[in-house]
Amino acid sequence: MQAIAGSKVGGAESFFVRLVVALNSRDINQKVIIGRSKSRVMELQSEGIQATEISFGGLIDVYSKIKIQREINKFRPDIILSWMSRAASKVPFTGQEISHIGRLGGYYNLKYYKSCDYLIGNTPDIVNYIRNEGFNPERVVHLPNFVNSPINDPVDRSVVDTPENVPLIFAMGRLHKNKAFDVLLQSMPNIPDAWLWIAGEGPEESSLKALVEELGIGERTRFLGWLDKPDAFLSSADIFVCPSRHEPLGNVIIEAWAAKKPVIATASMGPKELLGDNERGLVVPINEPKEIAKSVNYLLENPDKRIDISEAGLEDYEKHYSEKVVVEKYLEFFEKVLSECAA
């Protein structure tokens, strides 16, 4: 059984769907419980997967826990995998016959994971955080996310009124202050030949668009909204930039690697771990638009360097973050949990 409350859109929610679909393709019998989301229900249905929707309300919501217990009683899972704090907090204590695994994609308060027997962190640093918070270290495991290789052809740039022969920067994520798209926009006056596509939705959209006008870069900046096929747009770009102030992992970097695109990212925890010592991408300081511009211009002027870091990123993706590799790690972990439960 898998359970997620989830936002309308987001990296964790997208990976949840990918993992559910991947396990389904391997004939793993699953019961899927999600927060109310017509789009997510339809996405799962398109893959032949039925989901049960519940409200996942706040502290006074007792009905969600009751409904989850009913689903547990009907389905009788061996394992429950709950995603993030809201879902983990609504899963009741299951006893010895069912193992409850909580998955963390951030530095969440462990008070919400009291009913969990095991915890997954999707980065080594999150795993260290969980252990330092006092959770049994033998029951904490690092399991990364995977992304799918691009399957769609590169989009024609004219679709979003962009010339074919200009350097094109691509960025994507929730339009939130943590993602620091304002810093990326502030870098653009110092990259005068480049155009910028930003994919995503969020509360900062209006302020970011106002900043574009203030900076005078409206002619070469495009906001794409939330994309159903981001790989088609990513594949059409020349450089990917992740400007985040706070980024525990950086799914978007892995997506850029899979598309064999050179990456520039700030030194927030996740990207810094992923990129290493400028081997698989260029690392720049947080909140420094001039450093982003300097790195973009360097890559535009050095095509051999773009190729080198693109190939290094693709190699790391294939070795550590492909569906085949990560799903095998999940299945091995589930087997370990079942054997320990039976012991």
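Points to keep in mind about this one:
- Subset of region 44-58 [closer than 20 Å to residue 147 by Cβ and touching a helix residue (DSSP H, G or I) at 6+ places or on another chain (Cβ under 6 Å)]: 47, 49
- Whichever residue in region 9-40 is touching a residue at least 60 places away in the same chain (Cβ under 8 Å) and of a type in the set (Lys, Arg) and, among such residues, is surrounded by the most Cβ atoms within 10 Å (Cβ to Cβ): 18
- The condition of being touching a Leu at 6+ places or on another chain (Cβ under 7 Å) and assigned to a helix (DSSP H, G or I) holds for only one of 255, 273, 291, that being 255.
- Just one residue in the set 72, 68 is in contact (Cβ under 8 Å) with a residue 60 or more places away in the chain, more than 30 Å from residue 275 (Cβ to Cβ), in contact with a helix residue (DSSP H, G or I) (Cβ under 7 Å, 6 or more places away or on another chain) and in a helix (DSSP H, G or I); that residue is 68.
Table: residues versus (1) under 23 Å from residue 153 (Cα atoms); (2) among the aromatic types (Phe, Trp, Tyr); (3) part of a helix (DSSP H, G or I).
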| site | (1), (2), (3) |
| --- | --- |
| 247 | no, no, no |
| 278 | no, no, no |
| 315 | yes, no, yes |
| 328 | no, no, yes |
| 331 | no, no, yes |
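Matching residues to (1) out of contact with any Asp or Glu (no Cβ under 7 Å at 6 or more places or on another chain); (2) buried (at least 20 other Cβ atoms within 10 Å of the Cβ); (3) outside the structural domain of residue 127 (by TED's automatic domain parsing); (4) in contact (Cβ under 8 Å) with a residue 12 or more places away in the chain:
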| residue | (1), (2), (3), (4) |
| --- | --- |
| 191 | yes, yes, yes, yes |
| 207 | yes, no, yes, yes |
| 214 | yes, no, yes, no |
| 226 | no, no, yes, yes |
| 245 | yes, no, yes, yes |
| 266 | yes, yes, yes, yes |
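- Taking the criterion of being within 20 Å of residue 29 (Cβ to Cβ), out of contact with any His (no Cβ under 7 Å at 6 or more places or on another chain) and buried (at least 19 other Cβ atoms within 10 Å of the Cβ), the residues of region 83-97 that qualify are 83, 87.
- Exactly one residue among 49, 54, 66, 72 is in contact with a Gly (Cβ under 8 Å, 6 or more places away or on another chain), assigned by TED's automatic domain parsing to the domain that holds residue 27 and of a type in the set (Val, Ile, Thr), and that residue is 54.
- Put simply, of 332, 328 the only residue that is out of contact with any Leu (no Cβ under 9 Å at 6 or more places or on another chain), closer than 24 Å to residue 151 by Cα and not assigned by TED's automatic domain parsing to the domain that holds residue 242 is 328.
- Restricting region 138-159 to residues that are part of a helix (DSSP H, G or I) and more than 11 Å from residue 120 (Cα to Cα), the residue that is farthest from the chain's Cα centre (by Cα): 158
- Residue identified as more than 21 Å from the chain's Cα centre (by Cα) and hydrophobic (A, V, I, L, M, F, W, C) among 101, 34, 4, 72: 72
The values are calculated or read from the model by the stated rules, or taken from the named source; none is laboratory data. Remember, predicted model here, so these are calculated numbers, not experimental data. Note: ideal-geometry Cβ built from the backbone for every residue, glycine included; neighbour counts use all protein chains shown.
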